[in-house]
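> One structure is given below, represented as structure tokens, and several questions about it will come after.
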């Protein structure tokens, strides 16, 4: 049995620390990471606003963290100030911090209350210190890390920190680790700031993480290395060349020379068999750090708007991380802001604060990001996020429908950034992997508590990025989601039961992966680099690794049941918080996808598919889990709450 489950619970208001271990039966029901965070949040009965001292902030590792290949991530959870409306959600970040937290003696960290003045927390081999941080308040993420390394006199200390955006309670403030790992979605940097916590430093050398069967683990680890060599990406894929030459994605070929010019090496998380970040250095701009995926956001916007990107796109990422701003939100906000400026919706006296005419150059992005992070002038409104800013202007419904602005908005996204989706997604988050292209994406967006794709790439790994012929995709779909009909060519959904079932499997499997915790770029291995296997992956591998470490006897189906329990508990949390609406923005039903040509969603067919999804989930027509489903999943506390509040109405 695993030794996982040690909780460090810190009350910042009282400066009190307590530790305890979660019961074995809780670990077996919820694993760790997202599952344990949801369990803790449910039992904390949070009824406050996201930035209230009563909100809790949970950092959770998993039983595989620091041991399995690709198990270097950490979940962050609580009530989110970025979500619209505020609601429970989860984020996560990579690197080494979570592994170091385990080495230091703890698996889960809970922050409660609010410190009287700025502090940082220093955790080292079972010892916890809460130290004053006035000298760090106001500094950027990178300078804060540098000063703490010096102050603690330890080059190996692992640090997470917030920038000025978190201090100023920008609703989409990030938590930053190293030089490019961020818990961005959710805005939990603002929650840290609201608690007056500038940074959390960890160091551990004494705790030995237990492995039930080391030889079995080594055997499975070698299989992971073989299967994920190219993540199933083959030559026809638009990102194949970048992945082959730079080991990062998603980048189109025309960005490769620019990245190569400044790239020093690849970097990755603890124990990663396939490092996916590129480390960039541009001395003349004082820019250095790790980049991957959406951190190329300004490169995409530059390419799409004017046809090419330059060094400023690296500066934009560097500034965002140093200030502590979620780049996914910037990817949504900047095109909308430019659209409003073009349409004359920004008053002239306000428009002079930001050099809009300089978009997308250095002067524009430097001033914009600093204004937002410091909440100065127009930046104070933009710090509320795209949806709340639109609401403040009385333009939220126009933004959600894109009426009279769709064409202009699309011009600022451009074909490079807009290819995967543009405009609003759901719950305040930026659209990507467009629901008009993939109906599974529509169901995921409608039924998730946040942007569903940032930590759930298994479907688009096959349908969007692989470059495989459609018939090969169908074979993988049958293996991964139970039916060849679970995939379709972009823009040509069937609105069938197989697509609904695939959505459910993906959600359940994602909850498992984020609870163990394993990297979303590697797991689950639904697709491989092995042509002799028809590029089919190995879904049981995740269970075998878990068994080798924990001494359990899980099958893939056993883990999916745990994932189903976690997903339903999270659904119950949203119901308790009164934010369980299931909806998509109007523009997805009105306009075609400009850059892929996919038609708008058919509302009648989608609503029918949603009812099929509810039925397969064991939910009623309002999207509430039925009593028998909750009993089946052993969520007895949820049944009691639903009965008390007469939620089920049965």
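Where a number appears in this text, it was derived from the coordinates with a stated rule and is not lab data. Everything quoted here is computed from the prediction, not taken from an experiment. We place every Cβ from the backbone using ideal geometry, glycine too, and count neighbours over all the protein chains shown.
> With both bridge residues required to lie in the stretch 6-203, what share of the DSSP beta bridges run antiparallel, to the nearest 5%?
Bridges in the stretch 6-203 that DSSP calls antiparallel: roughly 75 percent.
> Across all directions of projection, what mean area in square nanometres is found for the Cα convex hull of the stretch 6-203?
That works out to 10.0 nm².
> Which of the peptides 474-487, 449-462 is most tightly packed, and how do the rest follow, going by the mean number of other Cβ atoms within 10 Å of each residue?
Listed from highest to lowest mean packing, they are 449-462, 474-487.
> Per DSSP H run of at least 4 residues, take -39500 (n - 2.57); add these up for the chain, divide by its residues and hand me the 222 nm value, nearest 500 deg cm²/dmol.
Mean residue ellipticity at 222 nm (helix-derived): -12500 deg cm²/dmol.
> At what distance in angstrom do the alpha carbon centres of the stretch 406-420 and the stretch 430-446 lie from each other?
The stretch 406-420 and the stretch 430-446 have Cα centres separated by 17 Å.
> Also, I was wondering about something else. Give the Rg/Rh ratio for the chain, taking Rg as the radius of gyration of the Cα atoms and Rh as the Kirkwood radius, to two decimals. Walk me through the intermediate numbers first.
Details: Rg = 23.0 Å, Rh = 24.7 Å.
Here the Rg-to-Rh quotient is 0.93.
> By average Cβ neighbour count within 10 Å, what is the ranking of 493-500, 35-42 from highest down?
With the highest mean Cβ count within 10 Å placed first, the list reads 35-42, 493-500.
> Further question on the same structure: If you project the alpha carbons of the stretch 420-531 onto the principal axes, what extent comes out on each, in Å, largest first?
The Cα atoms of the stretch 420-531 stretch 39, 34, 24 Å along their principal axes.
> Using the Kirkwood formula on the Cα atoms of the stretch 444-645, what hydrodynamic radius do you get, in angstrom to one decimal?
It works out to 18.2 Å.
> If you don't mind, there's one more thing I want to ask. Plugging the Kirkwood radius over Cα pairs into Stokes-Einstein for the stretch 211-299, at a temperature of 4 °C and a viscosity of 1.567 mPa s, what D comes out in µm²/s?
Estimated diffusion coefficient is 89 µm²/s.
> Enter the Cα centre distance for the pair the stretch 316-376 and the stretch 124-161, rounded to the nearest angstrom.
30 Å
> Next question. Run the numbers on the stretch 400-499 and let me know its relative contact order in percent, using alpha-carbon pairs under 8 Å that are six or more apart.
Over the stretch 400-499, the number comes to 19 percent.
> Sticking with this structure for a sec: Calculate the radius of gyration of the Cα atoms of the stretch 247-418 to one decimal place, then report Dmax, the largest Cα-Cα distance, as a whole number, both in Å.
Expressed in Å, the Cα Rg and Dmax of the stretch 247-418 come to 16.6, 53.
> Quick one: of the DSSP bridges fully inside the chain, what percent are antiparallel, nearest 5?
80 percent
> Another one. For the stretch 294-356, what are Rg and Dmax over the alpha carbons, in angstrom?
That works out to 12.6, 33 Å for Rg and Dmax.
> Quick one: compute the contact order of the stretch 47-155, relative version, from alpha carbon pairs under 8 angstrom and 6+ residues apart, as a percent. Write out the running numbers ahead of the final one.
On the way: 157 pairs, mean separation 23.8, N = 109.
22 percent.
> Still on this structure, please answer the following. Under 8 Å for C-alpha pairs, at least 6 residues apart: give me the relative contact order for the chain, rounded to a whole percent.
In percent, rounded to a whole number, it is 15.
> So if I take the centroid of the Cα atoms in the stretch 243-276 and the same for the stretch 25-98, what is the distance between those two points in Å?
29 Å
> Counting every Cα pair in the stretch 95-224, what percent are over 25 Å apart?
Values: 2373 of 8385 pairs.
Summing the P(r) of the stretch 95-224 above 25 Å gives 28 percent of all pairs.
> Further, regarding this structure: Hey, how much of the P(r) for the stretch 18-114 falls beyond 21 Å, as a percent of Cα pairs?
Here the tail beyond 21 Å accounts for 32 percent of pairs.
> Right, another one. Please give the direction-averaged projected area of the C-alpha convex hull for the stretch 512-600, in square nanometres with one decimal. Spell out each step's value before the answer.
Values: hull surface 37.8 nm².
So the Cα hull casts an average projection of 9.4 nm².
> What number in nm² do you get for the stretch 340-428 if you take the convex hull of its Cα atoms and divide its surface by four?
Averaged projected area of the stretch 340-428's Cα convex hull equals 6.0 nm².
> Sort 131-137, 421-427, 15-21 by packing, meaning the average of other beta carbons within 10 Å per residue, with the highest value first.
With the highest mean Cβ count within 10 Å placed first, the list reads 421-427, 131-137, 15-21.
> Mind putting together the pair-distance distribution for the stretch 74-147? All Cα pairs, 10 Å bins, whole percent per bin, short to long.
With a bin width of 10 Å, the distribution comes to 15, 36, 44, 5.
> Convex hull over the alpha-carbon atoms of the stretch 350-490: what's its volume per residue in Å³?
139 Å³
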